[in-house]
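Throughout, read-outs are computed from the coordinates displayed, never taken from laboratory work. Fair warning: this is a prediction, and the values are worked out from it, not measured in the lab. Backbone-built Cβ (ideal geometry, glycine too); neighbour counts: all protein chains shown.
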Amino acid sequence: MLWVALCFPRLALQARLRGCALPEAADEPWAVADNRSVLACSAAAEAAGVRPGSALAAAWVLAPQLRILPRDPGAESEALEAIATWAGQFSDKVSLEPPLSVLLEVEGSLRLFGGVACLITRLRSGLAELGFEAQLATGPTPRAALWLARGEAQTLPALPVEAIDPPPETLELLRTVGVRTLGELMRLPRAGVALRFGEALLCGLDRATGEAPEPRAFFTPPERFSAKLELPAPAGEAERVLFAARRLLVQMEGFLAARQAGVRACTLSLLHRNGRATRLELGFATARRDAEHVLRLLRERLGAVGLASPAEAIHLEARTLVPLAGVSPGLFGDARTEAEAWERLTERLQARLGSARVHGLATHAEHRPERAWRAVAAGEEAATAELPPGPRPLWLLEPPRRLAEGDFVLLSGPERIESGWWDGEDVVRDYFVAARGASLAWIYRAREGWYLHGLFA
């Protein structure tokens, strides 16, 4: 087996700053504090000399502009589960290693993703799009991969003993006897190691080298997608909201790819102060999961609706999943590609103008011509109702225009239509096909006189 470990030493900070635009997060010194000490800090804070474990007073001396966030264990746990859900597209065997790591068994995925190097590249770039910076490593066992990721080493013997995360008293004792690397520890007599450092240390070594099994509990993703992202500061500009929304859309794309599914609709809620919310509904002509395409539609929708007040958090939800298998593009243009382009245009128009203004049409079993159609969702396969016999023009006038007798020449008819008594809008009409100048018209006679109702092509 081959395992990949994803280790997130700055998870406490990144879980809080995912919704922050990258330049802001990179240029300003940030830190998460716990018990008056620094738990995690940004690259800008580290450049000023701040380190995890530093006292807050010392950190402020080194970086007077340091911005402190309180630790949020709930946000860290949710972030780790979000990563595990997204990683399901690369392997169906994903295991959580709280508080900072996720493990994937990827032996069966290497051919699909083009080998280890390509898979690692995909994981690293995808995590960056989610808003996380990770240390990645591979190993034949989950424990070996985890230790290699923590220590950023190529082999187990080269690992510093700090990477195996021993108890503080054990680490101090190892340093006292001169053990600095895992290779030095592995060369010590087993009996002496067990006597001095305990059986737990030997058990971890055996699991890392494969001498002992390590049962893992695998992560079970949720049935539906629902994710919330708190913004570090209220966002009053559309671009700031879209930056944060892209994080959630990438997360949803991974969730859907793992299930070979898509969605026909999703909802982004902008949460404002005092519990108010702005809901942006997005509908698609066919099942979708492409984050960039959905983001373009969201930009159109947000531009049409506007941002009434700053958003303090966003929530993305997709309840109903639709099967969506991957497709291989043809070498030359094909009908499917052309249909895809048309569907994407339809979706953009719906996002800009609203679903009520962009829709499909289907016939409806009704004798009254003006009611013989109904609106359907764009792309919906609607059943075609059987229409009454007789000629029907595609171009109907709304409302019908009054005619004077002598303005037309009757060619065929009449066709009697008497309907609508059940809804209070009953009609009694005799329809004729008539010549009116150079046009072929569809006219009718009612109690009030003659009317032009449609024109034939």
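Please quote Rg/Rh for the chain to two decimal places, taking the Kirkwood radius as Rh and restricting both calculations to Cα atoms.
1.20
In debye, nearest 20, what is the charge dipole magnitude of region 54-207 about its Cα centre with +1 on Lys and Arg Cβ and -1 on Asp and Glu Cβ, if you could check?
440
Quick one: what are the phi-derived ³J(HN,Hα) couplings along region 28-40, Karplus 6.51/-1.76/1.60 with θ = phi - 60°, whole Hz, x for glycine and proline?
Rounded to whole hertz, the list is 9, x, 10, 7, 10, 10, 8, 6, 6, 9, 7, 8, 8.
Can you work out the base-10 log of I(q)/I(0) for region 3-209 at q = 0.08, 0.09, 0.10, 0.17 1/Å, using the Debye formula on its C-alpha atoms alone?
Debye output, listed in q order: -0.32, -0.41, -0.50, -1.20.
Which angle from 0 to 90°, rounded to the nearest 10, does the C-alpha axis of helix 142-151 make with the longest principal axis of the chain?
80
Nearest 10 degrees is fine. How inclined is helix 335-353 to the longest principal axis of the chain, computing both from alpha carbons?
It is inclined by approximately 90 degrees.
Based on other C-beta atoms within 10 Å, arrange 107, 214 from fewest to most.
107, 214
Enter the angle in degrees (range 0 to 90, nearest 10) between the Cα long axis of helix 116-130 and the first principal axis of the Cα atoms of the chain, meaning the one along which they spread out most.
Its long axis makes an angle of about 70 degrees.
Once the Cα gyration tensor of region 390-455 is diagonalised, what are the square roots of 5 times its eigenvalues, in whole Å and ordered largest first, as equivalent ellipsoid semi-axes?
So the three semi-axes of region 390-455 are 20, 12, 11 Å.
Can you list the HN-Hα couplings for region 204-219, worked out from phi with the Karplus curve (6.51, -1.76, 1.60; θ = phi - 60°), rounded to whole Hz and with x for Gly and Pro?
So the J values, rounded to whole Hz, are x, 5, 5, 5, 5, 8, x, 6, 10, x, 10, x, 10, 8, 8, 6.
Kindly provide the Kirkwood hydrodynamic radius of region 227-331 in Å, to one decimal, from all pairs of distinct alpha carbon atoms.
14.3
With θ taken as phi - 60° and the coefficients 6.51, -1.76 and 1.60, list the Karplus ³J(HN,Hα) couplings across region 400-406 in order, rounded to whole Hz; mark glycine and proline as x.
Listing the rounded values in order: x, 9, 6, 10, 9, 5, x Hz.
Calculate the FRET efficiency for residue 365 and residue 118 from the Cβ-Cβ distance with a Förster distance of 51 Å, rounded to the nearest 0.05.
Rounded to the nearest 0.05, the efficiency is 0.40.
Under 8 Å for C-alpha pairs, at least 6 residues apart: give me the relative contact order for region 155-248, rounded to a whole percent.
After rounding, I find 19 percent.
Excluding residue 422 itself, what net charge comes from residues whose Cβ is under 14 Å from its Cβ, given Lys and Arg +1 and Asp and Glu -1?
-3
Mind putting a number on the dipole of region 227-331 about its Cα centre? Charges go on the C-beta only, +1 for Lys and Arg and -1 for Asp and Glu, and I need it in Debye to the nearest 20.
In total the dipole reaches around 200 debye.
Towards the positive end of the charge dipole of the chain, with charges on Cβ (+1 Lys, Arg; -1 Asp, Glu), say which of 364, 444, 200 has the farthest Cα.
200
Under a Cβ-only charge scheme (Lys and Arg +1, Asp and Glu -1), can you give me the dipole magnitude of the chain about the Cα centre, in debye to the nearest 20?
380
Please order 41, 20, 203 by the number of other Cβ within 10 Å, starting at the fewest.
203, 20, 41
If amide hydrogens are placed 1.01 Å from N in the peptide plane, which non-local residues have theirs closer than 5 Å to the one on residue 231?
The list, which skips near neighbours in sequence, is 313, 314.
Mind listing the long-range amide H neighbours of residue 94? Cut-off is under 5 Å, sequence gap 5 or more, other chains count too, H placed in the peptide plane at 1.01 Å from N.
219
Determine which residues of region 66-91 fall in the zone a paramagnetic label at residue 35 would reach in this model, i.e. backbone nitrogen under 16 Å from the point 7 Å along Cα→Cβ.
What the label zone holds, given the 16 Å backbone N cut-off, is 71-73.
If each residue's Cβ is checked for other Cβ atoms within 10 Å, how do 309, 269, 95, 101 rank with the fewest at the top?
Sorted ascending by nearby Cβ count, the order is 309, 269, 95, 101.
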